[in-house]
1. Only one of these conditions is not met by Leu212: (1) surrounded by fewer than 19 Cβ atoms within 10 Å (Cβ to Cβ); (2) within 23 Å of Trp267 (Cβ to Cβ); (3) not charged (D, E, K, R). Which number is it?
2. What is the one condition in (1) in contact with a Lys or Arg (Cβ under 7 Å, 6 or more places away or on another chain); (2) more than 19 Å from Gly216 (Cβ to Cβ); (3) within 11 Å of the ligand (Cβ to nearest atom) that Ile88 does not satisfy?
3. Go through the range 25-45 and count every residue that is more than 13 Å from Thr104 (Cβ to Cβ), of a type outside the set (Val, Ile, Thr) and either near the ligand (Cβ under 8 Å from one of its atoms) or surrounded by 13 or more Cβ atoms within 10 Å (Cβ to Cβ) (or both).
4. Of all residues in the range 116-135, which are of a type outside the set (A, V, I, L, M) and within 12 Å of the ligand (Cβ to nearest atom)?
5. Restricting the search to the range 64-89, which residues are free of Cβ contacts under 8 Å to residues at least 12 places away in the same chain, in a helix (DSSP H, G or I) and exposed (fewer than 15 other Cβ atoms within 10 Å of the Cβ)?
6. Please note which helices (runs of 4 or more DSSP H) are completely contained in the range 98-201 and include at least 1 residues that are under 21 Å from Lys35 (Cα atoms), in contact with a helix residue (DSSP H, G or I) (Cβ under 8 Å, 6 or more places away or on another chain) and hydrophobic (A, V, I, L, M, F, W, C).
7. Within the range 237-329, considering only helices (runs of 4 or more DSSP H) that don't extend past its boundaries, which have at least 1 residues that are within 16 Å of the ligand (Cβ to nearest atom)?
8. Name the single residue that is nearest to Leu155 (Cα to Cα) among those in the range 208-236 being in a helix (DSSP H, G or I) and touching a Phe, Trp or Tyr at 6+ places or on another chain (Cβ under 7 Å).
Amino acid sequence: MYAQLVETGVTQVKTAEQLSGAEQAFQRRIDDGIKIEPKDFMPEAYRKTLVRQISQHAHSEIVGMLPEGNWVTRAPSLKRKAILLAKIQDEGGHGLYLYSAAETLGVSREDLYDDLLAGRAKYSSIFNYPTLTWADIGMIGWLVDGSAIINQIPLCRCSYGPYARAMVRVCKEESFHQRQGYDLLLAMCKDGNPEQRAMVQEAFNRWWWPALMMFGPSDAESTNSTQSMAWKIKLFSNDDLRQKMVDQTVPQAEHLGLTIPDPDLKWNAARGHYDFGEIDWSEFYAVLKGNGPCNRERLQARRDAHKQGAWVREAMAAYAEKKDARVAA
Ligand code: BYC
């Protein structure tokens, strides 16, 4: 992760009196639950915040294909290979819907993608971790797609129409992704041998904490949350969604017979939630700065793919030009 290119210009949330007439009317529409569409008035900072979040989200989908792609040739059966291929294709599709949603805000896909390749744009921290064993593929489905669903279901109701609508299909597909991951782990844990169960526990130990980091910094450190929540780009805070993930996942881990790698995890009857240990935020910020285990490898893989795919883009552009010329003639 590197410094983010897009400066949204938001330093603090404006009070009602500081808003212009148009901004007040805009905020009223948001408060009334009316969706904002591309041609509607929107404050520049709202537009930039959406470009930032949607493009980071799109980049995450595209970079997120890499850790799983690593196992396509080594999937243990034809059935698992077909499932994995379908899932990875879905992630590519999500990236494309999201770049399209970002384009409705007046930016170009090429510019956004150049920002990714140049290391100027962020993508989710989680994709900078390696997939060392087949159990890691299960962990991505169960924990990473599981977290993604918790984060993205509320986005189906966010204030910007094109983003909200893109999220509906994305969430349906993420649900299949989560289930295939859990199914794979169930097969290893229930029908597998002791080595396979140990492989799942070892993968769980590596993925648990990075999955919790996906939800972003704690609310106290989340620079964008207050304004994004006022604009209903975000409907829940990072910590609230993280808590939801822990509460939902602990019983699922117990069903698999796994031990949560957190000695401080315990049910708090008074709160009606699990308490859990402190996240190592120094690791999170190191990954954001580009120093995670696979940051350099991930960007290099995207750069190489872009270079190797140049002929396809050129061929398609030449074909489109030829077709246009034929129509004009
Ligand atoms: N990784 O103020 P905050 C998938 C940054 S794809 C990296 O709380 P915000 C899948 C944040 O950008 C899943 N950076 O930010 C795909 C900000 O920096 P900037 C991707 C992170 O935006 C393939 C700074 O930290 N999901 O599921 O209000 C295969 C301060 O944070 C992270 C989405 O993108 C992170 N984890 O909230 C399988 C969902 N967290 O930009 C699966 C849409 C924070 O100011 N995005 N940062 O320089 C969101 O919901 C929000 O952007 C976030 C962060 C909750 C992630």
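1. Going through (1) surrounded by fewer than 19 Cβ atoms within 10 Å (Cβ to Cβ); (2) within 23 Å of Trp267 (Cβ to Cβ); (3) not charged (D, E, K, R) one by one, Leu212 breaks only (1).
2. Condition not satisfied by Ile88: (1).
3. 5
4. Arg120, Lys122, Tyr123, Ser124, Ser125, Phe127, Asn128, Tyr129, Thr131
5. So the first thing to find is which residues in the range 64-89 are free of Cβ contacts under 8 Å to residues at least 12 places away in the same chain, and the list is 73, 77-79, 81-82, 86, 89.
Narrowing further to those that are in a helix (DSSP H, G or I): 73, 78-79, 81-82, 86, 89.
Residues satisfying the conditions are Thr73, Leu78, Lys79, Ala82, Ala86, Gln89.
6. Working: elements: 109-117, 134-139, 146-152, 161-190.
Because the criterion is at least 1 residues that are under 21 Å from Lys35 (Cα atoms), in contact with a helix residue (DSSP H, G or I) (Cβ under 8 Å, 6 or more places away or on another chain) and hydrophobic (A, V, I, L, M, F, W, C), the helices (runs of 4 or more DSSP H) in the range 98-201 that meet it are 161-190.
7. On the way: elements: 238-256, 281-288, 295-308, 310-328.
Filter on the range 237-329 gives 238-256, 281-288, 295-308.
8. That would be Met213.
The values are calculated or read from the model by the stated rules, or taken from the named source; none is laboratory data. Keep in mind that this is a model prediction, so the values were computed, not measured. Neighbour counts run over all protein chains shown; Cβ positions are idealised from the backbone, glycine included.
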